[in-house]
Structures are given as structure tokens and as C-alpha cells.
Amino acid sequence: MTRVLVVEDDPQLVRALVINLEARRYDVDAAPDGATALRFAAARQPDVVLLDLGLPDIDGVDVIKALRGWTRVPILVLSARQASDEKVSALDAGADDYVTKPFSMDELLARLRAAVRRTEDVAPAPERLVETEHFSIDLIAKKAVRDGRDVRLTPTEWHLLEILVTNPGRLITQTYLLQEVWGVSQRNKSNYLRVYMAQLRRKLERDPSHPRYLITEPGMGYRFEG
Ligand code: CA
């Protein structure tokens, strides 16, 4: 089932969207503001986001920027504004498409299907093996091998590593990693991350104090360089 996150502060429009989407067997979460949207996006991992740009708390464009810090989920912008620079800044920030309000439900649904289809088309088959010069990670067998020897990883280390290596080259924020691995209530505990990243480097990097693969982006998060 395709999961849609609807971010919209107009309750009537939300109701119409929820009814129409659920009738077509989408699984729908609705957030009335940007902060709730960001929380739901992390907790519920939607397949597509419908985002109103005019939200009561955070500007919709900033919601897009925050989402793009860690996810490529398709974002379809609902814009009441005629001004095209609004749409341009939404697209520049990483939105995939937009519809201008008032829109027909049929058009919106067609664009929604197209946005989801595009990600399905481009999404590569899940990579089974991640290989570097020094170690390899088998994501299906859940095995790490370094210099021909199995590396033992704890479930927490594995979870963390898996998120990083399946997003090569991409900065993954501390908050996202903490939420994913330890849960929302622990998202301020950046010391956990430092400890576990140090362990992973000891186990996988040739020179853990000068990591080549598990890179820290100070104050931001971590990145796997494949
Ligand atoms: Ca609005």
C-alpha cells in the first residue's frame, strides 16, 4: 500500500484529500503544520508527500529543505500562490512537482501516481553487496567482511551501518540516525552516535582516527563514502 503524508492546514481540504486518497486505497497520514510533518515523515516513512507551501509554523520551502536533508521521498507541492517564483523555489529546494490550488482531484491523483511511479522507475534494485577496498557489506546475509575475515557487528552497529551504506555519498543527519536507530525520544543523544561510529570505524576502517569511509560532517551528521 502506498503511504501518503498530507501536509495541509486547511481542515476541509485535508478531509477531501483523505477521503479521496483512502477511497483509492492509499494509506494516509495528515499533518496540519510543518513540525508535525517532519515528525511524521521520519516516523512513518511515507512513499510520497503532498505539501501545502503556506503552513502556520514553518514555510513549506523550509519543510522541503529539511526533508531533503535525509530523504528522496517524492514531494508534490500544493501551492495556492500564483507567483511562479514560489514554485521555482519549491522545485529548487527539491520538490518533484506542484499543483496550483484550486486543483481538480483527478489532476492531483494523476500527478501523485506519476510522482510515485517515477521513484519506482529510478529506484535501483536494493544493492546486495557494498564493497570498498577494505571491507564488504552483504546487506541481505547481514555480513561484514574485512580483509577476508568476518567482522562481528552488534544489531545497533548493523542498523547504523546499514542506513549509511545504503545512502552512499549522502549526508545523514544526526537526528535522523538517532531517531531511526534509538527512537524519537533519544534524538538528542549525539554521544551515542559518537560512541557507535567510533566502534564501527575500529571494526571497519584501516585507520580509525583518519576514516576514509565513515565520515563525520561536524555538527551535521555522517556520510558513507563508497
Ligand atoms: Ca495553507
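Every read-out reported here was derived from the displayed coordinates using simple, explicitly stated rules and does not represent laboratory data. Quick caveat: nothing in here was measured; it's all calculated off a predicted structure. Positions of Cβ are generated from backbone atoms using ideal geometry, with glycine treated the same way; all protein chains shown enter the neighbour counts.
Rank these for me by crowding, Ile215, Ile19, Ile172, going from fewest to most other beta carbons within 10 Å. All intermediate terms of the calculation are to be shown ahead of the outcome.
Values: Ile215 16, Ile19 11, Ile172 22.
Fewest-to-most ranking of Ile215, Ile19, Ile172: Ile19, Ile215, Ile172.
Measure off 7 Å from each Cα along the Cα-to-Cβ vector at Arg152 and Arg3, then give the distance between these two points in nanometres to one decimal.
Inter-label distance under the simple model: 3.4 nm.
Along the charge dipole of region 1-128, pointing to its positive end and built from +1/-1 on Cβ of Lys, Arg, Asp and Glu, which listed residue (Leu67, Val88, Ala43) has its Cα farthest out?
Final value for the positive-end residue is Ala43.
Give the Rg (one decimal place) followed by the Dmax (whole number) of region 16-150, computed from C-alpha coordinates and expressed in Å.
Rg, Dmax (Cα atoms, Å): 18.5, 60.
What ranking do His134, His210 get, fewest neighbouring Cβ atoms within 10 angstrom at the top? Write down the numbers at each step before the final one.
Working: His134 14, His210 8.
Final ranking by Cβ density, sparse to dense: His210, His134.
So between Arg212 and Ser185, what do we pick up on full extension, going 0.36 nm a residue minus the alpha carbon distance? Write down the numbers at each step before the final one.
Values: separation 27, 0.36 × 27 = 9.72 nm, distance 3.10 nm.
Computed gain between Arg212 and Ser185 is 6.6 nm.
Using only the Cα atoms of region 124-167, build the gyration tensor, take square roots of its eigenvalues as a ≥ b ≥ c, and label the shape rounded, prolate or oblate: rounded if a/c is under 1.5, else prolate if a/b is larger than b/c, else oblate. Intermediate results must be reported in sequence, preceding the final value.
Values: a/c = 1.75, a/b = 1.16, b/c = 1.51.
It is oblate, given that a/c is not under 1.5 and a/b is not larger than b/c.
Would you please give the residues with an amide H less than 5 Å from that of Leu50, counting only those at least 5 places away or on a separate chain, with H modeled from the backbone geometry?
Distant-sequence amide H within range of Leu50: Leu5, Val6, Val7, Leu76.
Can you give me the Kirkwood hydrodynamic radius for the chain, using every pair of distinct Cα atoms, in Å to one decimal?
Details: mean 1/r = 0.0523 Å⁻¹.
Hydrodynamic radius (Kirkwood, Cα only) of the chain equals 19.1 Å.
Is there a quick way to get the dipole size of the chain? I mean about its Cα centre, with the Cβ of Lys and Arg at +1 and of Asp and Glu at -1; what is the value in debye to the nearest 20?
On the way: 32 positive and 34 negative charges, 184 e Å.
Here the chain has a charge dipole of around 880 debye.
How do Glu107, Glu86, Glu133 line up, fewest other C-beta atoms within 10 Å first? Mind dumping the intermediate values first?
Working: Glu107 11, Glu86 20, Glu133 8.
Going from sparsest to densest Cβ surroundings: Glu133, Glu107, Glu86.
Based on DSSP, what percent of beta bridges with both residues in the chain are antiparallel, to the nearest 5?
Working: 16 of 33 bridges.
The antiparallel proportion sits near 50 percent.
Please report the spacing between the Cα centers of region 179-199 and region 1-41 in Å, no decimals.
Each part reduced to its Cα centre gives a spacing of 29 Å.
Translational diffusion coefficient of region 34-100 at 37 °C, 0.692 mPa s, Stokes-Einstein with Kirkwood Rh over Cα pairs, in µm²/s as a whole number. Could you put the intermediate results ahead of the total?
On the way: Rh = 11.7 Å.
Answer from the Stokes-Einstein relation: 281 µm²/s.
Measure nothing fancy, just the Cα-based angle from helix 84-93's long axis to the longest principal axis of the chain, in degrees from 0 to 90, nearest 10.
Approximately 20 degrees, to the nearest 10.
How long is the gain from Lys65 to Glu107 if the chain were fully straight, where each residue apart is worth 0.36 nm and the alpha carbon distance is subtracted? Don't skip to the answer; put the middle values down first.
Working: separation 42, 0.36 × 42 = 15.12 nm, distance 2.53 nm.
So the extension gain works out to 12.6 nm.
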